[in-house]
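The values are calculated or read from the model by the stated rules, or taken from the named source; none is laboratory data. These numbers were taken from a predicted model, which means no experiment stands behind them. Please note: Cβ atoms are built from the backbone with ideal geometry, for glycine as well, and neighbour counts cover all protein chains shown. To get the accessible areas, we keep the full protein, side chains included, count just its heavy atoms, and leave off ligands, DNA and RNA. Shrake-Rupley method; radii C 1.70, N 1.55, O 1.52, S 1.80 Å.
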Amino acid sequence: MEQWAVGKVGTRAAVLAVVAGLSVTAAPIKAQTPQRPIGDIQVFATLPYPGHPGGLAVDGRTVYVDTSNADFDRPFDASDEIWAYNLHTGEPTPGAPNPIQVVRAASVQTMGLLGMALDAQGRLYAADMNGRVVRVDPRTGAQGVYATIPTSTDTSLTDMPGFVAFGGDGSLYVGDWAAPVIWRVPPGGGQAQPWLGDPRLAGTWGANVAGIAVDPSGEELYIAAGTQEGQIVIYRLPLAHPDAAHLEEFHRYTDFVVSPCPADPDLALLTCAGTPAFGAGGIAFGASDMLYVSLFAKNQLSILDSDGTEALRFPSPEQNAEREIPVANAFGLAFDGRGSLLVANTGDPTFGKGPGGTDPPGGLSTSNTWVVFDVFVNDTAGPLVRPVIP
């Protein structure tokens, strides 16, 4: 059977054979080679409190991971964090501030950071789900507000920036989880303006516009929108024609997936039970032109071919239940440059700090589900726009 090459997937039959052979980790395409099987999931790094990794960005041999706090269990934390990990070792990088503390805009906020993008200077642009985009220099820790959403009241209840992507002219496109809107931030920052609003992007609060990505040509924006119940859809739209007439459906997920939940009556059970009501997570293009989609609501990863057909989906609910650390609310995606896709696993909630930053009774607890997964896909990143920004 042909190996799934980095350049292009070989044949449809080869991919279907991989699907048929998937076990808890996928069956190898070539049994005689020691290469990891496609779909093999390992833990790259585990985050400490506050946990909940959300967005990922790779720069050279460093991957940046921010804390999303997307389980509503960190409202009284004073800051969110951006960690830097060495891609070779999976260990935090020494030297620069690590983690970087990103100060919150208000004393009580239900959400934290999510999607990130990089500019040519190596600065990070992180979506703060409480109504802004922050710019952070990981070399120094210097930070500031790069953009605000005009409906913002420093809370995710009115708008919730999720994932971000740069266009070739330096515009930053921002998806909104709280409304069926994509915002555009002009080069250099400032107040975002509505770029596209369309009822087809609508879901529920927290599940409207999820992942966004500019395609390898630099001409189209791909959009993940909607809920699992209402059907998650991947759309594409020419950057030159941001109107309803040019919004085109690329792939629709018509199935409904429910993961087995733990029997213990704890916070993890509550999160697991509510997860199917949400939608997608991040999306990313590989050098193969395949589109990788994290399905937050399904606890699965999907790979779409260039014609919009689904080439592969894993793990199944049964396979996921057998994992020591299951895929639990996958968010951000980024390629490591060596054939793997890194996946931020939001994981289980725990009791966070109380008002005034006080520790809960018994101290802060952590979870081994706050991980970044290393998922072998035999692919590398497609072209990413990293503009020069003032």
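Brief remarks follow.
- Cα Rg, Dmax (largest Cα-Cα span) when computed across the stretch 95-147, Å: 11.0, 34
- Rounded, prolate or oblate (a/c below 1.5 giving rounded, otherwise prolate when a/b exceeds b/c) for the stretch 102-252 by Cα gyration tensor: oblate
- For the chain, the solvent-accessible area of protein heavy atoms averages 37 Å² per residue (probe radius 1.4 Å; ligands and nucleic acids excluded).
- Backbone phi angles across the stretch 235-249, fed through the Karplus curve with coefficients 6.51, -1.76 and 1.60 (θ = phi - 60°), yield HN-Hα couplings of 10, 9, 8, x, 4, 7, 9, x, 9, 4, 5, 9, 6, 10, 6 Hz in residue order; Gly and Pro are listed as x.
- In this structure, the amide hydrogen of residue 311, modeled 1.01 Å from its nitrogen in the peptide plane, lies closer than 5 angstrom to those of 303, 304, 305, counting only residues at least 5 positions away or on a different chain.
- For the stretch 39-44, Karplus couplings with θ = phi - 60° (6.51, -1.76, 1.60), whole Hz, Gly/Pro x: x, 5, 10, 10, 8, 8
- Other-chain or far-sequence residues with amide H under 5 Å of residue 57's (modelled H): 64
- Residues whose placed amide H lies under 5 Å from that of residue 195, excluding near-sequence neighbours: 182, 183, 184
- For the stretch 100-106, Karplus couplings with θ = phi - 60° (6.51, -1.76, 1.60), whole Hz, Gly/Pro x: 8, 7, 9, 5, 6, 7, 9
- Given 15 as the ceiling on other Cβ atoms within 10 Å, longest exposed-site-free region of the chain for trypsin sites (Lys or Arg not before Pro) in DSSP loops: 140-322
- Relative contact order of the chain, pairs being alpha-carbon contacts under 8 Å that are 6 or more residues apart, as %: 18
- Overall shape: rounded for the chain, with the ratio a/c of the largest to smallest alpha carbon gyration tensor axis below 1.5.
- The stretch 291-334: GluC sites (Glu not before Pro) falling in loop per DSSP and having at most 15 other Cβ within 10 Å: 324
- Oblate is the label for the stretch 252-390. Its Cα gyration tensor axes, ordered a ≥ b ≥ c, give a/c of at least 1.5 and b/c at or above a/b.
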